[in-house]
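The values are calculated or read from the model by the stated rules, or taken from the named source; none is laboratory data. Predicted model only: the values in this text are computed from it and were never measured. Here Cβ is always computed from backbone atoms with ideal geometry, including for glycine, and neighbour counts include all displayed protein chains.
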Amino acid sequence: MSKRVILEACVNTPAGLAAAIAGGADRIELCSALALQGLTPAPSLMAIAAEAEIPIYPMLRPRHGDFVYDDRDLDALFRDIDAVRDAGLAGVVIGANLASGELDVEALSMLVAHAEGLGVTLHRAFDLVPDQAAALESAIDLGFERILTSGGAHNALAGAERIAALVAQADGRIAILAGGGVNPANVAELVARTGVTEVHGSFSGPMTMGVAGGHDGLAYKLGFVPDGLRDTHEATVAAVVKVLAGL
């Protein structure tokens, strides 16, 4: 490919942030609670991330569940945007749907306006819309930089055909960031099939910090250490970076 593919790593811990940066990520989506598909990160994590030399985009999601937001949710999002700005970070990752699944253009317009001066990514609320072609045009009109999407499929490779159509439709007017199940084994095929120049993933491995005492310890028995705890893995990030460098 003539244009280098950007790697965005999604992280939710200080250790994961350090691993992603050491592995060579180009940009960070910062969040908490990846097990819930990501929530707004804590101010402390944003402060730590502000020391990084690559762009940091916190995901702003005030609660788990869908992206149909009422006035209380929107108030939280406005305050979170202010916190991102105060932390000196590069941008925000936001999204909102109507009950029909369509983008909530009114809410998003207010959020984008409130984020003036920050970069804005539309997250996978986009994957819930009934008409992605129409939603892409709305995202452009709203002023988003990029759309994170799996093409509406369970993972990006399964949605590759739809992602490729979005890249063609976008025609450079907005970036399409392919995410969902991206790993060292499939990232080259994903890029080849879609033409994306940005990819996204958590690139995780088994978590080694925060599991003292193992799964036989009291922390496990009381529910503080769930099965399958994972965190961003430096070697996995580096492996994806190596693949992308060879394209």
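Across the stretch 79-108, the qualifying residues are those that are more than 19 Å from the chain's Cα centre (by Cα) and hydrophobic (A, V, I, L, M, F, W, C), and the one among them that is nearest to residue 60 (Cα to Cα) is 107.
Condition first: among the acidic types (Asp, Glu) and touching a residue at least 24 places away in the same chain (Cβ under 8 Å). Now tell me which residues in the stretch 84-110 satisfy that. Steps first, please.
If we filter the stretch 84-110 for residues that are among the acidic types (Asp, Glu), which is where we start, we get 86, 102, 104, 106.
Result: 102, 104.
Against the definition (at pLDDT 95 or above, farther than 21 Å from residue 124 by Cα, of a type in the set (Gly, Ala, Ser) and part of a loop (DSSP other than H, G, I, E, B)), how does residue 185 come out, yes or no?
Values: at pLDDT 95 or above: yes; farther than 21 Å from residue 124 by Cα: yes; of a type in the set (Gly, Ala, Ser): yes; part of a loop (DSSP other than H, G, I, E, B): yes.
Against the criterion (at pLDDT 95 or above, farther than 21 Å from residue 124 by Cα, of a type in the set (Gly, Ala, Ser) and part of a loop (DSSP other than H, G, I, E, B)), residue 185 qualifies.
Tell me yes or no: at least one residue of the stretch 69-80 is more than 25 Å from residue 180 (Cβ to Cβ), touching a Ser or Thr at 6+ places or on another chain (Cβ under 9 Å) and either in contact (Cβ under 8 Å) with a residue 24 or more places away in the chain or of a type in the set (A, V, I, L, M) (or both). Checking the stretch 69-80: at least one residue is more than 25 Å from residue 180 (Cβ to Cβ), touching a Ser or Thr at 6+ places or on another chain (Cβ under 9 Å) and either in contact (Cβ under 8 Å) with a residue 24 or more places away in the chain or of a type in the set (A, V, I, L, M) (or both). Residue 83 falls short of the stated requirement of being at pLDDT 95 or above, over 15 Å from residue 143 (Cβ atoms) and assigned to a loop (DSSP other than H, G, I, E, B). Out of (1) touching a strand residue (DSSP E or B) at 6+ places or on another chain (Cβ under 8 Å); (2) closer than 27 Å to residue 35 by Cα; (3) modelled with pLDDT of 95 or more, what's the single condition that is false for residue 229? Every condition holds for residue 229 apart from (3).
Residue 113: free of Cβ contacts under 8 Å to residues at least 40 places away in the same chain, within 30 Å of residue 51 (Cβ to Cβ) and surrounded by fewer than 22 Cβ atoms within 10 Å (Cβ to Cβ), yes or no? Criteria met by residue 113.
Being over 29 Å from residue 162 (Cβ atoms), part of a helix (DSSP H, G or I) and of a type in the set (S, T, N, Q) is true for just one of 44, 109. Which residue is that? Testing whether each residue is over 29 Å from residue 162 (Cβ atoms), part of a helix (DSSP H, G or I) and of a type in the set (S, T, N, Q) leaves just 44.
Only one entry in 51, 29 is crowded, with 23+ Cβ neighbours inside 10 Å and of a type in the set (Asp, Glu), namely 29.
One line per residue, one yes/no per condition, for (1) of a type outside the set (Val, Ile, Thr); (2) in contact with a Pro (Cβ under 6 Å, 6 or more places away or on another chain); (3) at pLDDT 95 or above:
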{"position": "198", "(1), (2), (3)": "yes, no, yes"}
{"position": "205", "(1), (2), (3)": "yes, no, no"}
{"position": "215", "(1), (2), (3)": "yes, no, no"}
{"position": "219", "(1), (2), (3)": "yes, no, no"}
{"position": "224", "(1), (2), (3)": "yes, no, no"}
{"position": "239", "(1), (2), (3)": "yes, yes, yes"}
{"position": "245", "(1), (2), (3)": "yes, no, yes"}
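In the stretch 136-151, the condition of being in a helix (DSSP H, G or I), crowded, with 22+ Cβ neighbours inside 10 Å and touching a Phe, Trp or Tyr at 6+ places or on another chain (Cβ under 6 Å) is met by no residue.
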